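Here's the structure we're looking at; comments come further down.
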Amino acid sequence: MKKLTLRQLLTVATMLFGLFFGAGNLIFPASVGQLAGRSLWWASAGLLITGVGLPLLGVAALGISRKEGLFDLSSRVGRGYGFFFTCLLYLTIGPFFAIPRCATVSYTVGIQQLLPQGGALALGIFSLVFFAAVLFFSLRPGEILTWVGKVLTPLFLCFLAVLILRALTSPLGDVSTVEPSGSYAANAFTAGVLEGYNTMDALASLAFGIIVVNAIRSLGVKEPAAVAKSTVLAGVFSSLFMGLIYVLVIVMGAQSRGLFPVSANGGEALSLIAGHYFGGVGALILAATVTLACLKTAVGLITSCSETFVQLFPAGPSYRMWAVGFCAISFLIANLGLNAILSYSTPVLMFLYPLSIVLILLTLGGGLFGNDRGVLRWTIGFTMAASVIDLLRTLPEGTRTLLHLEPLVTFAETYLPLCQLGFGWVCPALAGLLLGLLLRRMRRAA
């Protein structure tokens with residue numbers, strides 16, 4: 001049975017890290033550091049759970065299940081649910097939110113600092129060039145292991161290392177003197193957990209799994225058990241590396257409070273830090289770092305989305321047509337601006353994350369209940385009902401008012417445990433699991 005060499009395994013792990021680690025993985029930890037202050041270690045623990053732990057479990061679940069992708073995995077609940085969940089997840093981490101965010105974050109954090117008066121025209125030109133590059137790499141999916149694992153990721157890490165090392169060797173302030181702000185003052189751990197949702201990495205782990213499996217198979221590993229083991233090991237290596245960078249960026253953000261106030265977002269914080277240490281050169285370093293991070297992530301997302309939709313709709317468009325279409329849609333949405341994208345991505349994430357978490361945990365623990373479809377359906381069904389409430393309560397205030405949702409939101413926050421903390425789905429999910437297990441036991445006893 002052929003196994004990956006250590007060098008091959010590290011190459012796959014580097015590719016997986018490169019696919020995961022986009023600009024959002026920089027700006028959100030920087031923001032966490034600034035807001036958490038001296039509570040940064042509690043906040044880091046929370047962020048690592050959803051930003052590193054869940055993605056690792058997602059990759060492990062796909063590898064251990066030996067399924068061909070998210071559709072096969074979610075179809076164990078039901079074929080209809082498989083189509084619904086797979087399409088919604090890929091569109092969320094694809095052309096509707098995550099891919100356009102790659103372009104707008106690159107522009108806002110990097111290029112806009114160099115061209116502050118650029119406006120909509122500059123964003124349009126930049127995003128056009130950005131998605132042209134993304135399409136170039138995406139139309140060569142067989143070369144993604146080389147481009148992302150051996151070229152883009154090492155280049156990105158070089159730029160990032162320059163900024164982090166300079167900041168940590170010459171800190172801007174003493175973290176122990178920085179008071180936590182906002183929700184981090186009340187509960188830094190919970191705030192960090194919810195901030196990890198914004199990285200979308202747990203969702204991406206279910207999407208990128210097929211790329212990892214195909215990359216491992218392309219290296220000559222065909223035995224299902226060996227593919228599963230290599231997938232899990234690659235996930236462990238990439239997650240450890242990603243967690244290390246998260247912590248370093250959080251510390252860097254917290255230290256910056258010694259000189260700067262809390263920034264509007266992590267991108268602005270990074271810009272101030274880079275400008276302080278390197279002046280105009282710092283802006284160039286930051287622009288290169290963020291643009292490379294976003295580029296490689298967008299390539300992975302376009303590739304995985306296109307390959308998945310070809311599988312879901314075999315009689316439909318070709319891979320090339322899906323890739324071109326997704327790039328075009330992403331370009332249009334990107335030009336709506338970063339604020340418009342972020343305002344509606346949060347409610348969708350509050351709906352999708354609980355479903356993803358429950359699917360991952362049920363897959364990993366499926367052997368305990370024989371992967372019974374009834375247990376899966378009851379647990380997912382109860383989770384979905386609660387997730388709809390989380391979606392509604394996190395819509396922009398104007399939308400909630402227009403739809404007259406305030407009475408429903410108030411009722412849920414009053415009577416649904418943990419709802420105000422953003423975890424209103426936990427108790428319904430447990431109730432669905434217990435009910436499913438009880439009904440399974442009754443069927444077996446009959």
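Annotations for the structure displayed:
- Selection of region 1-47 for residues being within 13 Å of the chain's Cα centre (by Cα), of a type in the set (A, V, I, L, M, F, W, C) and within 24 Å of residue 154 (Cβ to Cβ) yields 16, 17, 19, 20, 21, 23, 26, 27, 28.
- Residues of region 69-85 that turn out to be under 21 Å from the mean Cα position of the chain (by Cα) and surrounded by 17 or more Cβ atoms within 10 Å (Cβ to Cβ), as a count: 7
- Residue in region 255-269 that is at pLDDT 85 or above, part of a helix (DSSP H, G or I), within 16 Å of the chain's Cα centre (by Cα) and not aromatic (Phe, Trp, Tyr) present: no
- Going through (1) open to solvent by less than 10 Å² (accessible area, probe 1.4 Å); (2) under 28 Å from residue 288 (Cα atoms) one by one, residue 91 falls short only on (1).
- Qualifying residues in region 204-236 (those that are of a type in the set (Lys, Arg) and assigned to a helix (DSSP H, G or I)) - the one least open to solvent (accessible area, probe 1.4 Å): 217
- In region 298-318, the residues that are free of Cβ contacts under 8 Å to residues at least 40 places away in the same chain and assigned to a helix (DSSP H, G or I): 310
- Residues located in region 15-31, provided they are open to solvent by 20 Å² or more (accessible area, probe 1.4 Å) and either touching an Asp or Glu at 6+ places or on another chain (Cβ under 7 Å) or over 25 Å from residue 267 (Cβ atoms) (or both): 28
- Among the candidates 98, 61, residue that is of a type in the set (Gly, Ala, Ser), buried (at least 21 other Cβ atoms within 10 Å of the Cβ) and farther than 15 Å from residue 359 by Cα: 98
- Here residue 90 meets each of (1) within 30 Å of residue 274 (Cβ to Cβ); (2) at pLDDT 90 or above; (3) within 13 Å of the chain's Cα centre (by Cα) with one exception, condition (1).
The values are calculated or read from the model by the stated rules, or taken from the named source; none is laboratory data. Fair warning: this is a prediction, and the values are worked out from it, not measured in the lab. Methodologically, a virtual Cβ is constructed for each residue, glycine included, from the backbone with ideal geometry; neighbour enumeration extends over all protein chains shown. Surface areas here come from the heavy atoms of the whole protein model, side chains and all, with no ligands, DNA or RNA. Shrake-Rupley method; radii C 1.70, N 1.55, O 1.52, S 1.80 Å.
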